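Student: Structure provided below as structure tokens; questions to follow.
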Amino acid sequence: MPIHNPEFINYQPTINNQQSTILKGNLYVVATPIGNMEDITLRALNILRQIDIIAAEDTRHTRKLLSFYKIKGRLTSCHEHNERKKIPALLDKLNSGLSVALVSNAGTPLLSDPGYHLIKEAAASGIQVIPVPGVSAAITALSVAGLPTDSFIFAGFPARKKAKRLEQLKQLAGERRTIIFYESPKRILKFLEEIIMVVGDRKGVLSREMTKLHEEYIRGALSDILSRLKERPEVKGECTLLVGGRKKKEDISMKTIRDEIKKRLQIKGTRLSELAKEMSKQYNISKNKVYNEALKIKQENQHA
């Protein structure tokens, strides 16, 4: 097959006077659409047409994309459960002169998707790793969220186990930058409740079904987003959740503190000492001040 893109090199064996030397192939990290099939670059299509092997997170999913663009590619699976086992074989192919394209089911590989171990081993082996950039759910959501974009943190999918997940949120409680999470529709309600409890009822944006027919963006306080989702029989589509960063100390009123304490006291098993410790870190105020205010509110509730 002729190579029309001068950047793309499918290495072939070259012979010198002393020995036969096989040059290594390239490993391309190719971004694919997150929904709309048209969200793919011309360069990515060119690479996928001419590549020797496509390492796909799900070959069935990638085959649909290839079929849409009438591309016949040699596919092999490379997902979170078999990536380490596949690395030796893929490295052998690359070292023999064949080039490989790594793709995930949607978006940019490695961003909460498999591929890290392959890229690490390939780079350590002297194989050239080349990005073929394109769409990413995190950046797509951030671009339309209306939250600060000058600095942000990508947290990806939260931990499955509750204790570890809550610990992750505690570590993010003092974060001033916009925080980006991925979460499944089945767990998004519970996760929103946990964020409000640990991080606070901040401004947020829930992005759902981005670039697809039922694309939706819900903006407002996290509690408002949670209420709107609870009104639905079910939540569909992978979710990208953006949470605003913690405000500066001078921007936080005592009313905000009291409102937050009241919400947390509604949760069964809430201990005042733990609440005071978490909110002290979150809002950068005295732990004793939070504790005394919480005690006051608790007494008010008992006498109400």
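The numbers here are math on the coordinates, done by the rules we state, and not lab data. Bear in mind that the values here come from a model prediction, so they are computed numbers and not experimental data. Backbone-built Cβ (ideal geometry, glycine too); neighbour counts: all protein chains shown.
Student: Project the alpha carbons of the range 14-135 onto their principal axes and report the range along each, largest first, in whole Å.
Tutor: Here the Cα extents, ordered largest to smallest, are 52, 28, 21 Å.
Student: Using the count of nearby Cβ atoms within 10 Å as a rough guide to exposure, how do Arg232, Arg63 rank from fewest to most?
Tutor: Values: Arg232 9, Arg63 15.
Fewest-to-most Cβ neighbours within 10 Å comes out as Arg232, Arg63.
Student: Please get the size of the charge dipole for the range 249-303, origin at its Cα centre, with Cβ charges of +1 on Lys and Arg and -1 on Asp and Glu, quoted in debye to the nearest 20. Please report the intermediate quantities before stating the final value.
Tutor: Values: 14 positive and 8 negative charges, 38 e Å.
Its charge dipole is roughly 180 debye.
Student: Another one. Collect residues whose amide H, placed 1.01 Å from N in the peptide plane, falls under 5 Å from the amide H of His79; neighbours closer than 5 in sequence don't count.
Tutor: Under 5 Å from the amide H of His79: no residue qualifies.
Student: Sequence-distant or interchain residues sharing an amide H contact under 5 Å with Arg202, placed H: which?
Tutor: Hits under the 5 Å cutoff: Leu222.
Student: Using 31 Å as the Cα-Cα cut-off, could you pick out the over-long pairs in Lys72/Lys212; Lys248/Lys296; Lys85/Lys164; Lys24/Lys70; Lys64/Lys162? Don't jump to the answer; show the numbers that get you there.
Tutor: Working: Lys72/Lys212 25 Å; Lys248/Lys296 25 Å; Lys85/Lys164 28 Å; Lys24/Lys70 28 Å; Lys64/Lys162 36 Å.
Going by Cα-Cα distance, Lys64/Lys162 fall outside the 31 Å limit.
Student: Dipole size in debye (nearest 20) for the chain around its Cα centre, Lys and Arg Cβ +1, Asp and Glu Cβ -1? Provide the component values of the computation, followed by the final result.
Tutor: On the way: 51 positive and 33 negative charges, 226 e Å.
Value, rounded to 20: 1080 debye.
Student: With springs only between Cα atoms under 10 Å apart, run a GNM on the chain and tell me which of Phe152, Phe191, Phe68 wobbles the most.
Tutor: Ranking Phe152, Phe191, Phe68 by mean-square fluctuation puts Phe68 first.
Student: What is the extension gain from Lys164 to Met37, computed as 0.36 nm multiplied by their sequence separation minus the C-alpha to C-alpha distance, in nm to one decimal?
Tutor: Working: separation 127, 0.36 × 127 = 45.72 nm, distance 3.61 nm.
42.1 nm is the gain from fully extending Lys164 to Met37.
Student: Work out the charge dipole of the range 14-135 with +1 on the Cβ of Lys and Arg and -1 on the Cβ of Asp and Glu about the Cα centre, then indicate which of Gly35, Ser112, Leu65 is farthest towards its positive end.
Tutor: The Cα lying farthest towards the positive end belongs to Leu65.
Student: To continue, here is another question. Hey, fewest Cβ within 10 Å first, where do Tyr217, Tyr69, Tyr182 land in order? Let's see the in-between values first.
Tutor: Working: Tyr217 16, Tyr69 12, Tyr182 19.
In increasing order of surrounding Cβ atoms, one gets Tyr69, Tyr217, Tyr182.
Student: Evaluate the Kirkwood expression for the hydrodynamic radius of the chain, namely the inverse of the mean inverse distance over all pairs of different C-alpha atoms, and round to one decimal in Å.
Tutor: After inverting the mean inverse Cα-Cα distance, the result is 22.2 Å.
Student: Express in nm, to one decimal, how much length is gained between Gln128 and Lys287 on full extension, taking 0.36 nm for each residue of separation and deducting their alpha carbon distance.
Tutor: Values: separation 159, 0.36 × 159 = 57.24 nm, distance 5.22 nm.
Going from the current span to full extension adds 52.0 nm.
Student: Tell me, Glu57, Glu121 in order of fewest to most beta-carbon neighbours within 10 Å? Intermediate values should be presented prior to the final figure.
Tutor: Details: Glu57 21, Glu121 18.
Least to most surrounded, the residues fall as Glu121, Glu57.
Student: Also, quick follow-up: Which residue, Ile153, Gly245, Thr76, has the largest displacement toward the positive end of the dipole of the chain when charges sit on each Cβ (Lys, Arg +1; Asp, Glu -1)?
Tutor: Working it through, the farthest residue towards the positive pole turns out to be Gly245.
Student: Go ahead and run the numbers for FRET between Lys212 and Glu80, Cβ-Cβ distance against an R0 of 25 Å, rounding to 0.05.
Tutor: Working: r = 24 Å, r/R0 = 0.96.
Calculated value: 0.55.
Student: Obtain the nm distance between the two label points defined at Lys296 and Phe157 by a simple spin-label model: each point lies 7 Å from its Cα along the Cα-to-C-beta direction.
Tutor: Label at Lys296, label at Phe157, 4.5 nm between them.
Student: Another question about this same structure. If amide hydrogens are placed 1.01 Å from N in the peptide plane, which non-local residues have theirs closer than 5 Å to the one on Leu102?
Tutor: Answer set, sorted by chain and number: Tyr28, Val29, Val30, Ala55.
Student: Would you kindly compute the Cα radius of gyration of the range 225-304 and its largest Cα-Cα separation (Dmax), both in Å?
Tutor: 15.6, 45
Student: Under a Cβ-Cβ cut-off of 11 Å, what is the net charge of the residues other than Leu91 that fall near it, where Lys and Arg count +1 and Asp and Glu count -1? Before the final figure, lay out each step's value.
Tutor: On the way: positive: Lys24, Lys86, Lys93; negative: Asp92, Glu121.
Summing Lys and Arg as +1 and Asp and Glu as -1 gives +1.
Student: Okay, next question. Taking 0.36 nm per intervening residue step and subtracting the Cα-Cα distance, what contour gain separates Leu111 from Thr256 on full extension? Let's see the in-between values first.
Tutor: Numbers: separation 145, 0.36 × 145 = 52.20 nm, distance 3.48 nm.
Extending this stretch completely gives an extra 48.7 nm.
Student: Counting DSSP beta bridges with both partners in the range 14-135, what percentage is antiparallel, nearest 5? Can you show the working numbers first?
Tutor: On the way: 3 of 17 bridges.
The antiparallel fraction comes to roughly 20 percent.
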